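Student: Here it is, the structure in full.
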Amino acid sequence: VSSTVDWHNTPLNLMAYRNQVKTMAAKYNVEEALIRAVIHAESAFKVNAVSRAGAQGLMQLMPATARDLGVSNSFEPDQNIEGGAKYLAALLARFSGDTHLATAAYNAGPGAVTRYDGIPPYAETKAYVTRVAILKDRYAKAL
């Protein structure tokens with residue numbers, strides 16, 4: 001929420017995990033730019049990232065979510081990116097392709113988005129949705 005990063009100008013990472021992102025984008029019909037934006041926002045491409053809440057890896061999968069997605073090792077890039085892409089695809093399907101709602105659900109959980117009938121009024125989630133949208137647009141133009 002209190003990030004000092006200028007998301008409009010922070011350097012993009014177009015090369016890290018390029019093949020994995022491209023492959024999973026095609027497999028799950030999720031925009032490559034969205035997957036890359038989520039990785040950037042979640043972990044800044046740090047494969048061993050762990051959040052205060054316990055989310056793990058590039059796409060910051062919570063252990064229970066990772067298990068549900070068939071991810072046995074969230075620190076293994078191929079598994080993490082596949083799990084995250086699969087989860088994004090499910091959220092996009094659930095929220096009729098609305099990227100803002102899907103990314104809000106990625107951050108706060110789909111139940112919160114349903115409960116509030118939109119982006120939950122959490123400062124962290126609002127900032128996250130904005131951050132991912134900025135990064136997604138920038139990645140889409142750069143890819």
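Student: So what is the 222 nm mean residue ellipticity for the chain from helices alone, if each DSSP H run of at least 4 adds -39500 (n - 2.57) and you divide by all residues, rounding to the nearest 500 deg cm²/dmol?
Tutor: Using -39500 (n - 2.57) per qualifying helix, the result is -18000 deg cm²/dmol.
Student: Quick check for me: using +1 on Lys/Arg Cβ and -1 on Asp/Glu Cβ, what's the dipole size of the chain about its Cα centre, in debye to the nearest 20?
Tutor: In total the dipole reaches around 100 debye.
Student: Out of 5, 44, 29, whose Cα points farthest toward the positive end of the dipole of segment 1-51 (charges: +1 Lys, Arg; -1 Asp, Glu; placed on Cβ)?
Tutor: Result: 29, furthest along the dipole toward the positive end.
Student: Next question, about the same structure. Report, to the nearest whole %, how much of the accessible area of the chain belongs to carbon and sulfur atoms, 1.4 Å probe, protein only.
Tutor: Carbon and sulfur together cover 51 percent of it.
Student: Is the chain best put as rounded, prolate or oblate by its Cα gyration tensor, with a ≥ b ≥ c the root eigenvalues, rounded for a/c under 1.5, and otherwise prolate when a/b is larger than b/c, oblate when not?
Tutor: Taking the square roots of the gyration eigenvalues as a ≥ b ≥ c, the chain is rounded.
Student: For the chain, how many pairs of lysine residues have a Cα-Cα distance under 22 Å, where the two are 8 or more positions apart or belong to different chains?
Tutor: 11
Student: Counting heavy atoms of the protein chains only and a 1.4 Å probe, report the per residue accessible area for the chain as a whole number of Å².
Tutor: 51 Å²
Student: Each residue of segment 113-118 in order: what ³J(HN,Hα) in whole Hz does its phi give by Karplus 6.51 cos²θ - 1.76 cosθ + 1.60, θ = phi - 60°, with x for Gly and Pro?
Tutor: 5, 5, 4, 8, 6, x
Student: Enumerate the amide H contacts of residue 61 below 5 Å, restricted to partners 5 or more residues apart or on another chain; note that Pro and chain-start residues carry no placed amide H.
Tutor: 56
Student: Taking the Cα centre of segment 1-81 as origin, work out the dipole magnitude from +1 charges on Lys and Arg Cβ and -1 charges on Asp and Glu Cβ, in debye rounded to 20.
Tutor: So the magnitude is around 80 debye.
The values are calculated or read from the model by the stated rules, or taken from the named source; none is laboratory data. Keep in mind that what you see is a predicted model, and the values were worked out from it rather than measured. Note that we place each Cβ from the backbone using ideal geometry, even for glycine, and neighbour counts take in every protein chain shown. Surface areas here come from the heavy atoms of the whole protein model, side chains and all, with no ligands, DNA or RNA. Shrake-Rupley method; radii C 1.70, N 1.55, O 1.52, S 1.80 Å.
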